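Chemist: Before I ask anything, here is the structure I am working with.
The values are calculated or read from the model by the stated rules, or taken from the named source; none is laboratory data. Predicted, not measured: the structure shown is a model, and the values here were computed from it. Virtual Cβ from ideal backbone geometry, glycine too; neighbours counted across all protein chains shown. Quick note on the areas: whole protein, heavy atoms, side chains included, nothing else; ligands and nucleic acids left out. Shrake-Rupley method; radii C 1.70, N 1.55, O 1.52, S 1.80 Å.
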Amino acid sequence: MSYIDRNLIAGERVVYRTRLHWLVLVMPVLFVVVVLLPLAWFLANGAWRNLAWVPLAVGLLVLLPAIVKRQSSDFAVTNKRVMLKAGVFTTHSVELLLNKIEAIAVNQGFGGRVFGYGDIVVTGSGGTREAFTLIQAPLAFRRAVQSVSDAATTAASG
């Protein structure tokens, strides 16, 4: 069960959920494919045949933290608040009520626009700013917050 699901309050439902973009895996995968796999092949076909497993074990140690980082990060918009959590051993979590959010800024470079990732900065009342990087579909996240906020405002006034 995810952090978001464990911390929902009575009557709260998830409207939108996302996580870190797959881009967090690119550099570790490139390192394994470009450096470690050729090294393992070289060792397996040479005099050091019995040490060919070492680069493969190092590759696993390189990939595992990136996979865990992506899988353990959770970002959600519910009908009552915005919930953001990143990290495993040291976690950074933010939960803001929708009526306490002043702004959500999205920063995307050219690569972010092409591949669908970006940074979000959530500004709460009182000037608190929380930044999260490499979020998958940050514009959809912001739209979800805006649509839920608009629905709550309409329901309150109607």
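Chemist: Mind running the shape call on region 86-158? Use the C-alpha gyration tensor, a ≥ b ≥ c as the square roots of the eigenvalues: rounded below 1.5 for a/c, prolate if a/b tops b/c, oblate otherwise.
Modeler: Because a/c hits 1.5 or more and a/b fails to exceed b/c, region 86-158 counts as oblate.
Chemist: Name the lysines eligible as straight-distance cross-link partners of Lys69: C-alpha to C-alpha under 16 Å, and not fewer than 8 places from it in the same chain.
Modeler: Cα-Cα hits under 16 Å: Lys85.
Chemist: For the chain, list the DSSP H helices whose alpha carbon atoms reach 15 Å or more along the long axis and whose average Kyte-Doolittle value is 0.0 or above?
Modeler: 53-72, 138-157
Chemist: Hey, another quick one. Go ahead and collect, in residue order, the members of region 18-37 whose backbone nitrogen is under 12 Å from a label point 7 Å along the Cα-Cβ direction of Leu51.
Modeler: In region 18-37, the label zone of Leu51 (backbone N under 12 Å from the point 7 Å along Cα→Cβ) covers no residue.
Chemist: Something else: Within region 48-118, report the chymotrypsin sites (Phe, Trp or Tyr not before Pro) that DSSP leaves as loop and that have at most 14 other Cβ atoms within 10 Å.
Modeler: Trp48, Phe89
Chemist: Follow-up question, since we're still on this one. What order do Leu84, Leu25 take when sorted by accessible area (1.4 Å probe), most exposed first?
Modeler: Highest to lowest solvent-accessible surface, that is Leu25, Leu84.
Chemist: Can you tell me the accessible area per residue over region 96-142, all protein chains present, probe 1.4 angstrom, in square angstrom?
Modeler: I get 53 Å² per residue for region 96-142.
Chemist: Tell me, what % of the accessible area of region 24-127 is carbon and sulfur with a 1.4 angstrom probe?
Modeler: Answer for region 24-127 is 69 percent, counting heavy atoms of protein chains only.
Chemist: Compute the FRET efficiency between Val33 and Met1 as 1/(1 + (r/R0)^6), taking r as their Cβ-Cβ distance and R0 = 41 Å, and round to the nearest 0.05.
Modeler: For R0 = 41 Å, the calculated efficiency reads 0.75.
Chemist: In Å³ and rounded to a whole number, note down the convex hull volume per residue for the Cα atoms of the chain.
Modeler: Once divided by residue count, the hull of the chain is 127 Å³.
Chemist: Identify the trypsin sites (Lys or Arg not before Pro) of region 1-58 meeting these criteria: DSSP loop state and at most 12 other C-beta atoms within 10 Å of the C-beta.
Modeler: Of the trypsin sites (Lys or Arg not before Pro), the ones in loops of region 1-58 whose Cβ has at most 12 other Cβ atoms within 10 Å are Arg13.
Chemist: Still on this structure: Given charges of +1 on the Cβ of Lys and Arg and -1 on the Cβ of Asp and Glu, with all other atoms neutral, how large is the dipole of the chain about its Cα centre, in debye to the nearest 20?
Modeler: Rounded to the nearest 20 debye, it is 160 debye.
Chemist: Moving on to the next point. Does region 25-64 come out rounded, prolate or oblate by the C-alpha gyration tensor, with a ≥ b ≥ c the root eigenvalues, rounded set by a/c under 1.5 and, if not, prolate when a/b is larger than b/c and oblate if not?
Modeler: Oblate.
Chemist: Here's another thing I want to ask about it. Starting from the 7 Å offset along Cα-to-Cβ, what nm value, one decimal, do you get for the label separation of Leu60 and Glu102?
Modeler: Modelled inter-label distance: 5.0 nm.
Chemist: Please check: in the Gaussian network model of the chain (C-alpha springs, under 10 Å), which one of Lys100, Lys85, Lys69 has the largest mean-square fluctuation.
Modeler: Lys100
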